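Following: one structure in structure tokens, then a few remarks.
The values are calculated or read from the model by the stated rules, or taken from the named source; none is laboratory data. Note that the structure is predicted; figures quoted are calculated from it, not measured. Here the Cβ positions follow ideal geometry from the backbone for every residue, glycine too, while neighbour counts run over all protein chains shown. Please note that ligands, DNA and RNA were not included when accessible areas were found on the heavy atoms of the full protein model with its side chains. Shrake-Rupley method; radii C 1.70, N 1.55, O 1.52, S 1.80 Å.
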Amino acid sequence: MMLRMKKAVIIAAILASAAAGQSLSGVIDLHLHCDPDSVPRSIDAIDVAKLAKSRGMRGFVLKNHWDPTAGIAYLVRKEVPGIEVFGGIVLNRSVGGINPAAVEHMTQVKGGFGRVVWMPTSDAENAVRAAKSNRPFVPISRNGALLPEVKQMLALIARLNLTLATGHSSAAEDLLLVRAARAAGIRKIIITHAMIPPVSMSVAQMKEAGAEGAYVEFVYHALLTKSGMTIGGYADAIRAIGPEHCVLSSDLGQANFPLHPDGLVTFFKELRAHGITQAQIDLMSKTNPARALGLQ
């Protein structure tokens, strides 16, 4: 009984937030965390879909660092029709690292909503070394060249017509991935939160990635942490790269942080205050994410 009451209170708060909030008509969030997960999250997949739909969002991609999410996407679509929910897989140790069998299985899950393959994130060699941690990691390069198994993974992503996201790889590795992905025939590439640690791409590197055909991702969550990012820095980088090469995502879902649509509304408002036009925001939050998922 207490759990049902708590659930009802949460849903009432969500609906109140939706009623008070600004419409996000047509927006697609490419980077959304939620429950079920093994770390605390602010909201579950079904409730965030209800909230996103009530705010007019077109859809979102469920990201989990340890578990594939294509099956959850199928269930959420069944429970909350009218919003486009997609899943993906992150190539961390929990799925076997650079594991073609795991990626192929994701695409075979009922519904076919598994669309995105992230290179390693929490288990990326770059992330583990940046944290000065002494634990196993998933390497993707050696001596400035991608490992053979990574090149084989890129060929698989191309064959299955999936979207590649670069995860928490280093800036140099991101550029290696973009070039090799394009050579392999991948046309949908996202540089995962390029500016923030442990990726830490320079503006010149982000411009290079954009010129090579990748979308450079800017996430709101980083502005709420000690990442060193500022909205002014984001706006300057977007202008330098060109909005046609950028996407805007929330990367929210952490406990005690804003809910995803609320974060996006604030993100877009702050960008407008720093000279990014609404037309440019629409391009980066609607058109480019749709293209990155192969929806147009």
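Annotations
- For the chain, built as a Gaussian network whose Cα springs stay under 10 Å, the top-fluctuating residue of THR121, THR163, THR277: THR277
- For HIS245, solvent-accessible area (1.4 Å; no DNA, RNA or ligand), Å²: 50
- Neighbour-limited loop hits for trypsin sites (Lys or Arg not before Pro), region 211-296 (at most 14 other Cβ within 10 Å; DSSP other than H, G, I, E, B): LYS226
- Accessible carbon and sulfur surface of region 124-212 relative to its total accessible area, %, 1.4 Å: 51
- Looking at the chain, the DSSP beta bridges with both ends there are about 10 percent antiparallel.
- Sequence of SER285, SER200 when ordered by accessible area, the most exposed leading, probe 1.4 angstrom: SER200, SER285
- Neighbours of LYS50, meaning other residues whose beta-carbon lies under 11 angstrom from its beta-carbon, give a summed charge of -1 when Lys and Arg score +1 and Asp and Glu score -1.
- The distance linking region 238-275 with region 162-209 is 19 Å (Cα centroid to Cα centroid, whole angstrom).
- Environment charge of VAL90, counting only residues whose C-beta is closer than 15 Å and scoring Lys/Arg +1, Asp/Glu -1: -3
- Relative contact order (percent, whole number), region 193-296, Cα cutoff 8 Å, 6+ residue spacing: 27
- Across all Cα atoms of region 54-135, the radius of gyration (one decimal) and Dmax (whole number) stand at 14.5, 45 Å.
- Sequence-distant contacts, meaning Cα pairs under 8 Å at least 6 residues apart, place the relative contact order of region 137-186 at 46 percent.
- Rounded accessible area per residue of the chain, 1.4 Å, Å²: 42
- Region 131-256: relative contact order in percent, alpha carbon pairs under 8 Å with at least 6 residues between: 20
- Zone residues, region 88-113, relative to LEU75, backbone N less than 18 Å from point 7 Å out along Cα-to-Cβ: 88-90, 106-113
- The label point for LEU224 and the one for LYS110, both projected 7 Å from the Cα toward the Cβ, are 3.4 nm apart.
- Only helical runs count toward this figure. For the chain, summing -39,500 (n - 2.57) over DSSP H runs of n ≥ 4 and dividing by all residues gives -12500 deg cm²/dmol at 222 nm.
- The chain: DSSP helices with Cα axial extent of at least 24 Å and average Kyte-Doolittle hydropathy no lower than 0.0: 2-20
- Sum of side-chain charges, ILE28 neighbourhood, beta-carbon under 15 Å (Lys, Arg +1; Asp, Glu -1): +4
- Among GLY275, GLY167, GLY56, residue whose mean-square fluctuation peaks in a GNM of the chain (springs only between Cα atoms under 10 Å): GLY275
- Translational diffusion coefficient (Stokes-Einstein; Kirkwood radius from C-alpha pairs) of the chain at 10 °C, 1.306 mPa s, in µm²/s: 83
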